[in-house]
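Below is one structure, written out as structure tokens; comments come after it.
The values are calculated or read from the model by the stated rules, or taken from the named source; none is laboratory data. Nothing here was measured: the structure is a model prediction, and the numbers come from that model. Cβ placement follows ideal geometry from the backbone for every residue including glycine, while neighbour counts extend to all protein chains displayed.
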Amino acid sequence: MKKPEEATPKYLLRNMREGQGWTQEELAEKIGTTGVTISRWESGVTFPSRYFRKRLSTLYGKSIQELGLLQEEVENRAQEEQEPSANSFHITENSSTDVASLARQGPIFLFNEPLPAPEELYGRRSVREILISRTYRKASTSIIGPRRSGKTWLVQYLQYISAHELGKRFAVKYLDATMPSCSTINGFVAEVLEEFELPSSKSHQGLVALEKGLKMLKAKNIVPVLCIDEFEGFGNRDEFTLDFFRALRAMTQKFDLVLVAISRSPLHAIVGKDVET
């Protein structure tokens, strides 16, 4: 039997928000997502993931059933359990605390295969929502997991949908730390400048050149998001000392640089606990 309009999740969610006098952007800020995502929920285009169903329930002080999400909670849980996906990985902030962890079975990710289109990234809805919302809030993120678990596909997905979900201010770029061009600090910086279409400078080299480039982006109101795959590659080279990692951290704080570090090991095992936190 079809639900009346007033009982549908999209109506209830919009009604609860408007009852508080919040705009979609204000609600998005409170639960850590984007205004575009809220709009899609209230239009019935997409449905809140389990993570955000709980966030909404806590925010409004209402049960999932009162928000009209109970039946969908059961249906979506069954669907998520049936969705194919890869071996486990998890997303963390740059600390030892896990933000999310999803165990999966039956790998579907092919070795060294690029993600052909964003809709081809199956499952892991809550992980995708967390990564998008953290990036939108300019929070750096660590993605940890074994080889062939879909970590690279996840950041490729972020690149695909960044313009729609994050807006034109966000520039999402990708580097592999094990590439020969990234074997030195100067080489790494040159690759970053090229990715963000920034000019190189003969008078400034290394991290100073990167600092100058990030200043230019901030002046243009552009948020640079740098996804660094195989982050362990830096830890295996003597040139990348603690000073290098501390400088990167400082740039995230001063110039709104967002780092997404993809690795098989926690960051503290690669760069040291002091830098990770």
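The residues on offer are Leu158, Leu154, Leu175, and the sole one that is under 19 Å from Ile262 (Cα atoms), at pLDDT below 90, in the same structural domain as Phe231 (by TED's automatic domain parsing) and of a type outside the set (Phe, Trp, Tyr) is Leu154.
Would you check if Leu198 is assigned by TED's automatic domain parsing to the domain that holds Arg147, touching a Lys or Arg at 6+ places or on another chain (Cβ under 9 Å) and of a type in the set (A, V, I, L, M, F, W, C)?
Working: assigned by TED's automatic domain parsing to the domain that holds Arg147: yes; touching a Lys or Arg at 6+ places or on another chain (Cβ under 9 Å): yes; of a type in the set (A, V, I, L, M, F, W, C): yes.
It is true that Leu198 is assigned by TED's automatic domain parsing to the domain that holds Arg147, touching a Lys or Arg at 6+ places or on another chain (Cβ under 9 Å) and of a type in the set (A, V, I, L, M, F, W, C).
Residues of region 147-198 that are crowded, with 18+ Cβ neighbours inside 10 Å, among the β-branched types (Val, Ile, Thr) and within 30 Å of Ser39 (Cα to Cα): Thr152, Val155, Val172.
With the condition being under 24 Å from Lys254 (Cα atoms) and more than 12 Å from the chain's Cα centre (by Cα), I'd like the helices (runs of 4 or more DSSP H) fully within region 114-233 carrying at least 1 qualifying residues. Break it down stepwise before answering.
On the way: elements: 125-136, 151-165, 185-195, 206-219.
Filter on region 114-233 gives 151-165, 185-195, 206-219.
Can you name every residue in region 248-262 that is of a type in the set (A, V, I, L, M) and buried (at least 18 other Cβ atoms within 10 Å of the Cβ)? Reasoning before the result, please.
Within region 248-262, the first condition is being of a type in the set (A, V, I, L, M), and the residues that meet it are 248, 250-251, 257-262.
Those that are of a type in the set (A, V, I, L, M) and buried (at least 18 other Cβ atoms within 10 Å of the Cβ): Leu248, Met251, Leu257, Val258, Leu259, Val260, Ala261, Ile262.
Somewhere in region 85-99, is a residue assigned by TED's automatic domain parsing to the domain that holds Arg249, in contact with a His (Cβ under 7 Å, 6 or more places away or on another chain) and either modelled with pLDDT under 50 or not in a loop (DSSP other than H, G, I, E, B) (or both)? Yes.
For region 199-227, residues that are in contact with a Pro (Cβ under 7 Å, 6 or more places away or on another chain) and either touching a residue at least 60 places away in the same chain (Cβ under 8 Å) or surrounded by fewer than 20 Cβ atoms within 10 Å (Cβ to Cβ) (or both) total 1.
Return the residue satisfying two criteria in turn: it lies in region 47-78 and is part of a loop (DSSP other than H, G, I, E, B), surrounded by fewer than 14 Cβ atoms within 10 Å (Cβ to Cβ) and of a type outside the set (D, E, K, R), and of such residues it is modelled with the lowest pLDDT.
If we filter region 47-78 for residues that are part of a loop (DSSP other than H, G, I, E, B), which is where we start, we get 47-49, 61-69.
This time we only want the ones that are surrounded by fewer than 14 Cβ atoms within 10 Å (Cβ to Cβ), so: 61, 63, 65-66.
Filter once more, so that each one left must be of a type outside the set (D, E, K, R): 61, 63, 65.
Details: Gly61: 91, Ser63: 88, Gln65: 85.
So, considering only residues that are part of a loop (DSSP other than H, G, I, E, B), surrounded by fewer than 14 Cβ atoms within 10 Å (Cβ to Cβ) and of a type outside the set (D, E, K, R), the one modelled with the lowest pLDDT is Gln65.
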